[in-house]
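Every read-out reported here was derived from the displayed coordinates using simple, explicitly stated rules and does not represent laboratory data. Bear in mind the structure is a predicted one, so any value in this text is a computation, not a measurement. A quick note on method: Cβ atoms are made from the backbone with ideal geometry, for glycine too, and the neighbour counts reach across all protein chains shown.
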Amino acid sequence: MSRGSLVLQVARQLRSLWRNLQAHWDDAWQFAWASGLLSDREATARAAHVLKTAHRLDKGLALPNPRPGFGSDAARLLSQQLERHFELSGPDWVWREGQEALIRNAQHAAGVPPSGLSVPMSARRVRDSARGRFPELVRARRSIRQFAPGPLPNGCLQRAAELASLSPSVCNRSGARVWIATDPEQRRQVLALQDGHQGFGDQASAVAVITVDMSVFHTVGERHQAWVDGGLFAMTFIYALHHEGLGTCCLNWCVTPKTDREFKQSMGLPSRETVVMLVAVGCLAEQFTVAHSPRRPLSEVLRNLEKTA
Ligand SMILES: Cc1cc2nc3c(=O)[nH]c(=O)nc-3n(C[C@H](O)[C@H](O)[C@H](O)COP(=O)(O)O)c2cc1C
C-alpha cells in the first residue's frame, strides 16, 4: 500500500472513530433528556414507575412459592407512587391497575393463597392455543415463572433456533446467535449475574443467551441495530418454543459494561457479540398461574401521524 493510501485509510478510520464517539455522546444526551433517568416530570415516566412496582408485586404472586409477607417494601413504594400519580394524572388506568395490585398484595398478606390472586393457566390451554390461529397463539404466550421439572423434548431448541434464524434482520445481516445452557451448573453460572430470575430461574430446564455479532454492522447509523435484530430473533425463538408447548420467560440483561464484560469472559462468549437478553425455557405444569400483566389501552398504542404542512 502506498504511503498516500495508508494515510487516507488511517484518516478514514479516525473519522469513523470520531463519528462513533459523537454518536454515543449524542445517544447519552438523548437518553438522559428523553428518559426518566433524571426526572419523572413526564406522565409516562411516572406511569412507568407505578407499572414497574405493581409488576414486582404481581410477579411475586406468580412464583411457585411466594415468601409470606413478601413485597411490603414494594407495596409501600407503590402507595407513594400512586398518591403522586393521582395528584398529577388523576385516576387513569395506570392508577387503577396500581390499586388492584395493592389490593391483591393486601389479600395475600391476609392469607388468600397466591393461586387465587394471579391468572390461572393450564398446559392444555397453552398447547391447544399455541397450535391454533395466530391471535390465539399470541394471547396464550405468557411469561412463565412456574416450570415443571424435566428435560425438554428432543430437538426443540434446535427447531426454535432454526425458525428464529428466519427472522428479518437489517440487510439480511443475520447477526443474531443463541447460546444454550442445559447443564444445571452451567445454568446457574449463566444466571449468576442476572437480576430478575430469582424464585423461578433455577427450575428452568434451559437458559438461552441471545447475542448479536456486532461485526455484521459497519456504519455509525447501525449502532442500535443489534438490539432491533436481536429482539426480533428472540421473539421468533420464544414463539417457536411456545408453539412446541413449552414455557419461556425473557430475562433482562440490564447490566453495567463491567458486568457485561465479566459475563462474556466467564461464559467464553466472543467479545464481538453483544448480549441482548436471556430466556428461561422449561416444561409446563398441568395447572399453574401467571402474573397479571395489564397492557396499555389500544388508544395509547395505536396513533395516527398528524399531517404536516
Ligand atoms: C427484554 C425483557 C426482559 C425481561 N426481563 C425479565 C426478568 O428479568 N425477569 C422476569 O421475571 N421477567 C422479565 N421479563 C418479562 C416481562 O415482565 C413480561 O414480558 C411482561 O410483564 C409481560 O408479561 P407476559 O410476558 O406474561 O405477557 C422481561 C421481558 C422482556 C421483553
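Taking into account only those residues within segment 17-56 that are hydroxyl-bearing (Ser, Thr, Tyr) and not in a loop (DSSP other than H, G, I, E, B), which is farthest from Asp92 (Cα to Cα)?
Ranking the candidates gives Thr53 first.
For the subset of segment 19-41 comprising residues that are exposed (fewer than 12 other Cβ atoms within 10 Å of the Cβ) and of a type in the set (A, V, I, L, M), which member is farthest from the chain's Cα centre (by Cα)?
So, considering only residues that are exposed (fewer than 12 other Cβ atoms within 10 Å of the Cβ) and of a type in the set (A, V, I, L, M), the one farthest from the chain's Cα centre (by Cα) is Leu21.
When only residues in segment 189-212 that are part of a helix (DSSP H, G or I) and within 16 Å of the ligand (Cβ to nearest atom) count, which is surrounded by the fewest Cβ atoms within 10 Å (Cβ to Cβ)?
Asp202
For segment 128-145, how many residues are part of a loop (DSSP other than H, G, I, E, B) and within 13 Å of the ligand (Cβ to nearest atom)?
So the count comes out to 4.
Test Lys258 against the stated conditions and say whether it is surrounded by fewer than 18 Cβ atoms within 10 Å (Cβ to Cβ), more than 17 Å from His197 (Cβ to Cβ) and charged (D, E, K, R).
Considered against the rule, which asks whether it is surrounded by fewer than 18 Cβ atoms within 10 Å (Cβ to Cβ), more than 17 Å from His197 (Cβ to Cβ) and charged (D, E, K, R), Lys258 comes out as yes.
Just to verify a result, which residue in segment 259-309, among those that are away from the ligand (no atom under 16 Å from the Cβ) and in contact (Cβ under 8 Å) with a residue 60 or more places away in the chain, is nearest to Asp202 (Cα to Cα)?
So, considering only residues that are away from the ligand (no atom under 16 Å from the Cβ) and in contact (Cβ under 8 Å) with a residue 60 or more places away in the chain, the one nearest to Asp202 (Cα to Cα) is Cys283.
Taking segment 67-86 as the region of interest, how many residues are of a type outside the set (A, V, I, L, M, F, W, C) and crowded, with 19+ Cβ neighbours inside 10 Å?
Total meeting the criteria: 3.
Just the residues that are surrounded by fewer than 19 Cβ atoms within 10 Å (Cβ to Cβ), aliphatic (A, V, I, L, M) and closer than 16 Å to Thr236 by Cα, please, taken from segment 136-158.
Leu137, Val138, Ala140
Residues in segment 146-157: is at least one in a helix (DSSP H, G or I) and away from the ligand (no atom under 16 Å from the Cβ)?
Looking for residues that are in a helix (DSSP H, G or I) and away from the ligand (no atom under 16 Å from the Cβ), one finds at least one in segment 146-157, hence yes.
Out of all the residues in segment 158-180, which are within 16 Å of the ligand (Cβ to nearest atom), of a type in the set (Gly, Ala, Ser) and outside any helix (DSSP H, G or I)?
Ser167, Ala176
I'd like to check which strands (runs of 3 or more DSSP E) are fully inside segment 213-309 and have at least 3 residues that are farther than 15 Å from Val178 by Cα.
Where strands (runs of 3 or more DSSP E) fall fully within segment 213-309 and carry at least 3 residues being farther than 15 Å from Val178 by Cα, they are 273-284, 287-290.
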